[in-house]
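For reference, the structure discussed in these notes is given below.
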Amino acid sequence: MLSRASILGGGCGVLGAGLCHDRDTFADRVAAWRDALRFRDARVVGVLADNSPQWLACDLGIRAAGAVAVPLPPFFSDGQLCHVLGAAGIDLVAAAPPDRILALDVGFQVDGGLGDLSLLRRPPVAGIAIPPGTSKITFTSGSTGEPKGVCLDDAACMRLAATLCELLRPLGIGRHLSVLPYATLLENVAGAYAGLMAGALVMAPPLAELGFGGDSGFDPERFLRCLHEHRPDSLILLPELLKGLVVMREFGARLPDSLTFVAVGGGKVGAGLIERARAAGIPAFEGYGLSECASVVSLNLPGAQRAGSVGRPLPHVRVRLAEDGEILVAGSAMRGYLGAESRAPEVATGDIGEFDRDGFLYVRGRKKNQFVTGFGRNVNPEWPESLLLQSPVLRQAAVFGEAMPGNVAVLVPTPGMPDAAVAQAVTQVNRELPGYARIHAWLRASEPFSAANGLATANGRPRRAAIESAYGGRFGDALGEMACHASQS
């Protein structure tokens, strides 16, 4: 169980909404949440709110009360939220504002509140089988529409936080800025927990303050202003956020000189983007992980990095490759999936990887995403996609080719980029690929891939089935048009 001596180890504590909460004040907030939840005999508690010190205090208070914490991603649809509330048997929700939960009409009623979070309660749900020892259930939508519940215990989360704390201790990180939603395990555990355990000041501003939300989805200039205001030593970024930062820097924007460690994960990064980041003065380090292992599994570090790799496995995990190259992870495995009957000793990641002779891990693509072209060649789409995404012209890409005479890319260009610039970027990428993996035709997406439109997961990974459903009817015409242009030239 959490204590002041462990997760609240030292330093200033948590900063958010203009207020700095020192270690003891923050510990008192955690204790207040613990007592409030014990008084209500809460068993499974959901949290639906923006990033803030109160979110973290509530999350840690749930664990201190011996209840099960279930972060509720704000980006989930109403249907997905209803599924999560029912599947996990959530009997109490801490929410700000409470309106969205109440509007679902699934039996919750307001039962007081604490700080700026309302407490919504309903009678306990019977018949929900949660694996013994579970302290947190994180729901990941992955590549399908129905969220899947990953059940974790305190040991897995705290072991990861302690490992990262120890590995990064030489860097002297004193200020961590939380950029990703706390509903994502990567920021919750690898960011906030590890930062608090290291005695750092964890800065938890509302996501809108960081530039998220509004009509454009993300405002890079506002994000840059926030970096200068908070002057963090460390960040955790998704690849698309790193790319935005790199592009701004390449166009002359100034970054705060405080940045010491920028971890990048949640999707394929590519050596080219990391190299561009380093050239721009951004200390970016790619990592790899999955929810089933409490997030991070491997990570590049200062003095232990290899371009194109996702680093060496962390000391507390054991990673091996199956005969077909699938990455298997043990030593930090989940308790099981919600509703599953048994727990496997290893997590089969579904990713294809390989090690170099120095122990650095390389992720080559998703096992299930590999397609076989009409000419019988195997292609992992992440390969051409990673090269496409190194171009400043493109923001997102999804490549398809199953049983087709050529490969088709659905592309989301950087706003304002004309088709001619996109075509040139595709041509440059094709020079680096063998014929069977090249992009033979491309389509311009009508809108970015996002969790809101169902074309991407919360971490920005393309939902291939959804994208193919939306654009697949045009693949044949695109290939025919490109073949016609080729014959005329």
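Results, tabulated for the structure shown:
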{"quantity": "Qualifying position, being open to solvent by 50 Å² or more (accessible area, probe 1.4 Å) and either in contact with a strand residue (DSSP E or B) (Cβ under 8 Å, 6 or more places away or on another chain) or within 30 Å of G89 (Cα to Cα) (or both), among G133, G172", "calculated": "G133"}
{"quantity": "Residues located in region 179-238, provided they are assigned to a loop (DSSP other than H, G, I, E, B), open to solvent by 30 Å² or more (accessible area, probe 1.4 Å) and among the small types (G, A, S)", "calculated": "A198, G213, G214, S216, G217"}
{"quantity": "Output for region 419-466, where each listed residue is among the acidic types (D, E) and part of a helix (DSSP H, G or I)", "calculated": "D419"}
{"quantity": "Subset of region 12-45 [open to solvent by 20 Å² or more (accessible area, probe 1.4 Å), outside any helix (DSSP H, G or I) and at pLDDT 85 or above]", "calculated": "R40, D41, R43"}
{"quantity": "Residues of region 305-315 that turn out to be part of a loop (DSSP other than H, G, I, E, B), open to solvent by less than 60 Å² (accessible area, probe 1.4 Å) and either farther than 10 Å from Y362 by Cα or of a type in the set (A, V, I, L, M) (or both), as a count", "calculated": "2"}
{"quantity": "Those residues of region 255-296 which are aliphatic (A, V, I, L, M), touching a residue at least 40 places away in the same chain (Cβ under 8 Å) and in contact with a Gly (Cβ under 7 Å, 6 or more places away or on another chain), in sequence order", "calculated": "A263, V296"}
{"quantity": "Failed condition for G336, given (1) of a type outside the set (S, T, Y); (2) under 30 Å from D153 (Cα atoms); (3) open to solvent by 30 Å² or more (accessible area, probe 1.4 Å)", "calculated": "(3)"}
{"quantity": "Count of residues meeting criterion [within 23 Å of D257 (Cα to Cα) and at pLDDT below 95] in region 180-191", "calculated": "1"}
{"quantity": "Residue pairs meeting the criteria (Cβ under 8 Å; at least 6 apart or on separate chains; first closer than 13 Å to R312 by Cβ, in region 345-357; second part of a strand (DSSP E or B) and open to solvent by 70 Å² or more (accessible area, probe 1.4 Å))", "calculated": "G353/R364"}
{"quantity": "Region 105-130, subset of a type in the set (A, V, I, L, M, F, W, C) and assigned to a loop (DSSP other than H, G, I, E, B), residue most open to solvent (accessible area, probe 1.4 Å)", "calculated": "A126"}
{"quantity": "Residue match in region 145-155 (condition: without any contact (Cβ under 8 Å) to a residue 24 or more places away in the chain and not in a helix (DSSP H, G or I))", "calculated": "no"}
{"quantity": "Selection count where residues are part of a strand (DSSP E or B), of a type in the set (A, V, I, L, M) and either open to solvent by 50 Å² or more (accessible area, probe 1.4 Å) or without any contact (Cβ under 8 Å) to a residue 40 or more places away in the chain (or both), scope region 398-417", "calculated": "3"}
{"quantity": "Odd one out for S391 among (1) at pLDDT below 95; (2) of a type in the set (S, T, Y); (3) open to solvent by 70 Å² or more (accessible area, probe 1.4 Å)", "calculated": "(3)"}
{"quantity": "For P302: the one exception among (1) farther than 23 Å from A156 by Cβ; (2) buried (at least 22 other Cβ atoms within 10 Å of the Cβ); (3) at pLDDT 90 or above", "calculated": "(2)"}
{"quantity": "Matching residues in region 69-109 - criterion: being touching a strand residue (DSSP E or B) at 6+ places or on another chain (Cβ under 8 Å), farther than 11 Å from G46 by Cβ and charged (D, E, K, R)", "calculated": "R100"}
{"quantity": "Any hit, region 54-64, residues being touching a residue at least 12 places away in the same chain (Cβ under 8 Å) and open to solvent by 20 Å² or more (accessible area, probe 1.4 Å)", "calculated": "no"}
{"quantity": "Meets criteria (of a type in the set (F, W, Y) and within 20 Å of Y288 (Cβ to Cβ)) for F371", "calculated": "no"}
{"quantity": "Selection within region 461-479 - open to solvent by 40 Å² or more (accessible area, probe 1.4 Å) and either of a type outside the set (S, T, Y) or on the phi > 0 side of the Ramachandran plot (or both)", "calculated": "R461, A465, E468, A470, G473, R474, G476, D477"}
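The values are calculated or read from the model by the stated rules, or taken from the named source; none is laboratory data. Please read all numbers here as calculations on a predicted model, not as lab measurements. Glycine also receives a Cβ, built like all others from the backbone with ideal geometry; neighbour counts cover every protein chain displayed. Please note that ligands, DNA and RNA were not included when accessible areas were found on the heavy atoms of the full protein model with its side chains. Shrake-Rupley method; radii C 1.70, N 1.55, O 1.52, S 1.80 Å.
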